[in-house]
Structures are given as C-alpha cells and as structure tokens.
Amino acid sequence: MILFFFIYTTALLVICIMALSVCGAAFLVSHSRRYILRSLFFVFYALELSWIFGAEWMAQHVITIDESNYYAIGNPWVAIPMGAAILACFWATALDMVDIHGVRAIVLPTALVMAAQAVVLAALPYGPLRQWLYYSMRQAFLIGCLLYGFHLYRSSSDTAFRQRMVQHKQLFVTILALTCCILLEDVYVILLAPVPDASGSFAGLFLSTRNFSENALMVYLAWYVCREAIRDLSLRYLEPPASQPMDDKGRDLRGHIESRILTFAAHHGLSRREREVLGLVMEGRTNHEVAGTLYLAEGTIKAHVHNIMKKCGCSRREELQRAFWAS
C-alpha cells in the first residue's frame, strides 16, 4: 500500500508540473496574466503535496504514527501560509474571471481564512475535531468563492457578462460537487474512521491529511486549464497578440474578446481583416470609429460587417454580440 501511495503522489506531482509548464508556455505566447495565477496555484499545490510526502517518509523511517500524532497539524506556521497561498491563487483566478483586480481583494479573504485556522489550532485541544475544523476552512472558502460568483451573476444586468458566466457553468458545478465530496471524505476519514493500525495496510500514512476528492479537484482543474492553454497555443502559434495601451476596463474587455475571438472566427470562416473588425465591433465601436482605427474607408467597414454577419447567420449587431459572447 505504501508503494501505491508513493506512485499515486508522484503522479499528482507530475500532473502539477505538467499543468505549470503548459500554463507557463501559454503565458509566454498570449501574455495573459491569468496564466501566471494558474501557474502559481500548481506551484503551491505541488509544494504542499511534497510536504505531506515528506511527513509520511519521516513516519515510515523515523517515528511511528499513532493516536498521539495522527491528528496533528505539523509546523502550522508553514502549513497555514502554504494553504492560504493555494486559496489566494484560486481566489485571484476567480476574481480575474469577473474583472475584479487589486491586492486587497485577494489578500483580505485569504487572511481571514489564515486567522480562522490559527484560532482553531490555538483554541481547541488536540484531536479529530480540531483537525477537521482546520481543513474545513478551505472548503468553506471554496464554497464562498462560488457563492460570490453566483451573486455577481444574479445581480448583473450586463448581458455579455452573464453569458460569459454561463460558459463556466460546468466548471462551477464540478467544483461545487467535488468540494462537497471533500467535506464528506474529511468527515469520514477524520471524525469517523479509526487511526490506522501500525500493522495494517495503511501503516505509515497520514490519511487524515490526504483527501482523494481534493486531489480529484486538482486533476480536474489541471485538465481544464491545460485544455484552455493548449487551445490558445494552437490558435496563436502563427499569430502572437499585439500589445495595445488602454485603461484597466478596456484591457479587461479586450482580454475577454481575445480569449474567444480566434475560435469564433475559425468556426465561422472569418478572414483576418474580418476578425480585426469583429474585435472592434465587440468593443462597442461604430463603423466610423472602426474605420478610423484601421485607417479604412467607412464603406469598407460596412462591407466587412455585412460579410461577418452573413457568415455568422446574424441580421443585427445585437444578435452578433449575443452569438459571440455565447460561443
């Protein structure tokens, strides 16, 4: 069984490294900051896995696992910041998806989680309840992230924003389902299951610090971000994006347009010029403004817009916008 967990943990570390590498490559090509946040997430998750791996190695070669140390939180001054870094990267990625930026928006919620975990460790006596509450803070944070996203979706009147959020419905539902599985697994392993016997199959393993559902969530997130990164890499292979000076709001909108326009244009057979026109139209510019930006005659822009709508099966700009943001 120890050999199985060695191979299992190594495979998880390999997945983290692969996801980190793919996200790093996607950042170099697309210059999108979201790939930096995703890379950091897998860096910190890999570090935490290595931390658990090292603790189990110590248990197998130096100490013996029993009820006196099975529910311990080893080196909390390291474990708490490391876990908070993972949550901060997840939270920052979620905020980036809804165009909310700023260090305070990222730091304050994660600092509250760190404080709550520290209070649990300081106030409660050693035992399974203390450990369960400590780890449950993570799940509470993840559910809070999802609830905040749902609140933004329900309260927003921006059609484009709501359509973007709908595109991530499967992601949100999967994260919620796996988070509930993490909670249930912790309840069983920490609160209900006995400490592994020294002569049993799970001897030398801190099962209460492991969570297979959490590992499944990490693997799903790795698959999700790698799929998106590989798509960006394949579409931008011959055409790296050009940087354009603009304010934060314009940069956010341009980032959302850039993230889907290549796929949309390829699906509908748009030319490169038509794709340029479409991107500016999606920013809300008039034909006259698009003509000024591209240094073309307004009549030429009207012809391009007409061809774009014909290829996309749309009769009005509003319909084209809905089709674009729903893609």
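The values are calculated or read from the model by the stated rules, or taken from the named source; none is laboratory data. Note that this is a predicted model, so its numbers are computed, not measured. So basically every Cβ, Gly included, is an ideal-geometry build from the backbone, and we count neighbours across all protein chains shown.
Do any helices (runs of 4 or more DSSP H) entirely within the range 259-317 hold 1 or more residues that are within 30 Å of R227 (Cβ to Cβ) and modelled with pLDDT of 85 or more, and if so, which? Break it down into steps so the answer makes sense when it comes.
Details: elements: 272-282, 287-294, 298-312.
Here the list reads 272-282, 298-312.
Does the range 84-93 contain at least one residue that is within 21 Å of the chain's Cα centre (by Cα) and touching a residue at least 60 places away in the same chain (Cβ under 8 Å)? No - not one qualifying residue is present in the range 84-93. In the set (1) more than 18 Å from T263 (Cβ to Cβ); (2) outside any loop (DSSP other than H, G, I, E, B); (3) of a type outside the set (V, I, T), L320 fails one condition alone, (1). Of the conditions (1) surrounded by fewer than 14 Cβ atoms within 10 Å (Cβ to Cβ); (2) at negative phi, G284 clears all except one; give me its number. Condition (2) is where G284 drops out.
Taking the range 121-158 on its own, how many of its residues are of a type in the set (K, R) and in contact with a Pro (Cβ under 9 Å, 6 or more places away or on another chain)?
First pass over the range 121-158, keeping only residues of a type in the set (K, R): 130, 138, 154.
After this cut, where a residue has to be in contact with a Pro (Cβ under 9 Å, 6 or more places away or on another chain) as well, the list is none.
Of the residues in the range 121-158, 0 are of a type in the set (K, R) and in contact with a Pro (Cβ under 9 Å, 6 or more places away or on another chain).
Of I80, I86, all but one fail to be crowded, with 18+ Cβ neighbours inside 10 Å and in contact with an Asp or Glu (Cβ under 7 Å, 6 or more places away or on another chain); the exception is I86.
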